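Structure record follows, encoded as structure tokens.
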Amino acid sequence: MSSILERLPTELLLDVAGYLSNVADLASLLLVNTFLNAILTKSLYSAIVLRHQRPTINCLRTLSSNAAPDTLPGRDLASLVQSLHITGFDVLNLRRNEFGELQIGLEHALPRLVNIQRFTFRVLETLRCRVLVNLLASWESLTSIDVEVAGDDMPDGSLRAPAIPHLASLGIRNLSSSYDGYLQSLVTSCANSLLKISLAQSDADTVRHVLGSTVFSVLKVLELEAAAFFHSDFPHGAFPCLQSLALYYDSESPWDDDLATPSWNVPIPHTSYPQLESLSCNVEDLAYMLPKQADVLSRLPLHTIRLNGATYERNGGAFSHISPEWDEIVEALSHLRYSRVPIRHLSFHVYRVAITQLEEVLPSLGDLESLLISSVHDPNLQADLPVAAISRMLSRMPNLHSLLFSDAPLKREHHSYNFILARAQTRQKEIVYRWAKLAGSLRRIAFTTEMEWIMPRDLPPELLLAIGRATRTADLPSLLLINTFYNHFFTGTLLYSSIELRDFKSTRRCLRTLCKAPTDCAFGRNLASLVRSFHAADFPYTRIRGKSFKTLQNMFARVLPRLINVQVFSTQLVRQLSLRALMELLQACPSTLYSLDISCTGTRRSDDDLRLISQELPSLPQLTSIKLVGIHEKHPVYIQFLQRLSYTVANHIRTLHLDMLNNEPEIAMLSAAGIFPVLQELKIEGKTFFLPEFPHAAFPHLRTLILRGERFFWQLPSYLAPGPGATRYITHYPELETLCCCARAIPSLFPPDITSRDVSRALHTVELDNPAYILPTPYVDYVPVTAEEVNTALTLLKRSALPICHLCISVALLGDAAEEPDFEEVLPMDMEGLETLVVVIGEDWCKQETAMRVVSRMISRMPLLRSLAFADLPRKNRIPVARPDIAQVHASQGHLVHGWSQYGSPLCSVSLTAGTEWVCRGAEWVLLEQPQEYAILGDDKNVDDEDDEDESGNHEGRAD
């Protein structure tokens, strides 16, 4: 039995385990043998949901202990937990010894959850505040937390909130007011990553203190007390991207607060919530959110409304204890027409629902897609009259797909209470068939929370693909386990279609999977043939053993010939791929490959390598982008290979980056084809560009020219010696739009004797010493250009009368004793046509009043300037810049930015400190916090475009 199981694919075993919805059944499956135990234990402990006290205590005791002697050696069960959800039982039902065991279990088990990502705990008076504070300091991978704490203990001295880089959802209830400062610092540190904040059961003072003056630029969901939201000091302008707002009423009502009522004699600033789509509140507050007197443009774009906590939960949920009468509901629903967009989803709670009156209200909401009605009294659907009224209503609501009646308020009081129709299955079936004929889109109906009627619909592939794209890559395997159809569909379209690898372990695991033969994969699939996009980022090799390094090279050699359908191939792995591997890749996918970004080495010269490299290349008709890095081989066979590659793609290549260590391979590639008629972007070594044999006339339609290599420009004289074409290089590029080079190269590109008629009139973007192109990596050997060299470059650019709109310059240190003429020497004071200016400096100029006076005069002379940024030189080895203090930045820069906006220029973006940006919104300037970036100015492309680190390692589970 064990040998048979071991021959089965792991994916099939996980698929079988996915059909076990009961955790007890999954635990029984683990006990079959040690092979299944080793594979499925991670599935059992990855997501834990506990709703009863005794299983909770037992589970915490298991997670608190080390590996038992009878378990597999070296396995730490607590490290497998990624999601822990504890809720659903009342602490008052615990015996005294059980309460103590629960607290002890929490204090011992929770610190061991080193890989926890989602934590939910909703048990009153159990989790102490100090325990939570210690946990947050150690849970670095946490993405979501929703806890109920015991707010009676005091903090131990001053607390400093930890940095939790991936925290996207934060909900803490009953936190003691003595921890307000800690919570405020935690929220501020995560302001740029938080998508949801829940401050329910917190008074207005706590909410104002926690939110402070921080701007939550990406926050989507906000939950808080209505008393805090309707207070006069609430920061409405701090949530520009808010999409969902939920108001709670567990504490004092806002209308009982003497400070809140007078402040709302003026309307709520609805323009502060331009993206608000969902609202949950009580009926009396809906009129304030959707007022009649609001003009059309200032109305909220609400399409989802939930009134008085209407819910569809079996145990009653957390609905409002206030049950409005039907007249109040009718008055509130009359305000729905004042939303900027049609209402699609509506839920409301009422004391007694009048179905016949509902017919008069809802037909005006013809765009409804879902309707939930929660009531204390039975809606009397067993009678024919209410059913007939809803039937007429459904005939006028063509988009309605869900109609739910909830008896959750009754079950809140006692679980055995329900509507009269709850168990009358025959009567329910009659009504369902009747309604289904009237509403073709209706596919979900419920008369009680105990059972539902679902009419399945086959989802079209377009909708399935949209669902898959909205799912995180780490969660895609869960979709594969639903059934065989989903497995085939999502494996081919998403899971293996685009692969991004960021570390050694995920790269090795993915390559091992792609090396498998179809007979070794589930359903006989060739997984490598499903890959459309392959990207492998560089990672350090210092901790990789020589054997593992060699294994990775061999796996790459086996995988590349199998990528027969790849369209985009990119790898920055140094010393991994040879030109032989590049040749095998080109032969494997000649008709599909259109983008190639590869780092190669040509150190091996075996007879087989030379024989393969000497073969003819395929046509490669789709290949339009090539980026070759690291090639330094001068062997004639390798040179001939590069020449054949250049000749093959010359007529359709649009982007060509050559980052080679020698000039000979670059010259060989560029000279072989004679002409590149459609090439638009070229990146080469600066020394190669200035060689006499460089084919300048081969690029008639070049638009972007990038000259890299700071060391060469450092040795470059002020201008090259005159000679045939020596100082006329730039005249060969009549359509050039973007130029990236060192300031020391400008005298040779734009000599004093050149006229504006000799250069491209399309040149609008110049980047001098942009760190993303010019500097070496790491930036240890970088020698900044002097102020004199920068001034010379700017003078020549100004003299050429070019229509430059976007400029990036890099300046060396000037020192604290610099005077105004020193700053004027390195700034483009006379370039009135600039729209964007980025200055990469070696110190923080915004602290020097002398520099800021010069900058003010410069802005006053630029009537078209829209964006101004000052950035620091990158730290050695890319050490990240510390986050600035937003309050301090606001105090020190606010008067400067507001003063500059008075000069009449359309200035709308200013950045004076790395990691911050001032953005003009209407008549106000808003300070945002963001990571430091270096951007290409011309076409809004990112020079230092790095993927979001939140998805790191998402493909480690890519195994078939």
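Size descriptors for segment 140-219 (Cα atoms only): Rg and Dmax, in that order, 11.9, 33 Å. Modelled spin-label separation between residue 24 and residue 664, with each label point placed 7 Å from Cα along the Cα-to-Cβ direction: 7.6 nm.
Using the C-alpha gyration tensor of segment 277-454, what are the square roots of 5 times its eigenvalues, in whole angstrom, with the largest one first? Let's see the in-between values first.
Working: eigenvalues 137, 76, 35 Å².
Working from the Cα gyration tensor, I get semi-axes of 26, 19, 13 Å.
At an R0 of 41 angstrom, the distance between the Cβ atoms of residue 341 and residue 799 translates into a FRET efficiency of 0.15. Go through 687/798; 220/627; 292/411; 550/687 and tell me which ones have a Cα-Cα distance over 29 Å in this structure. From the list (687/798; 220/627; 292/411; 550/687), the Cα-Cα distance tops 29 Å for 220/627; 292/411; 550/687. Suppose a student asked you for the relative contact order of segment 549-689, using Cα pairs under 8 Å spaced at least 6 residues apart; what percent would you report? After rounding, I find 19 percent.
A short reminder: the numbers here are calculations on the coordinates, not readings from a lab. Keep in mind that this is a model prediction, so the values were computed, not measured. Backbone-built Cβ (ideal geometry, glycine too); neighbour counts: all protein chains shown.
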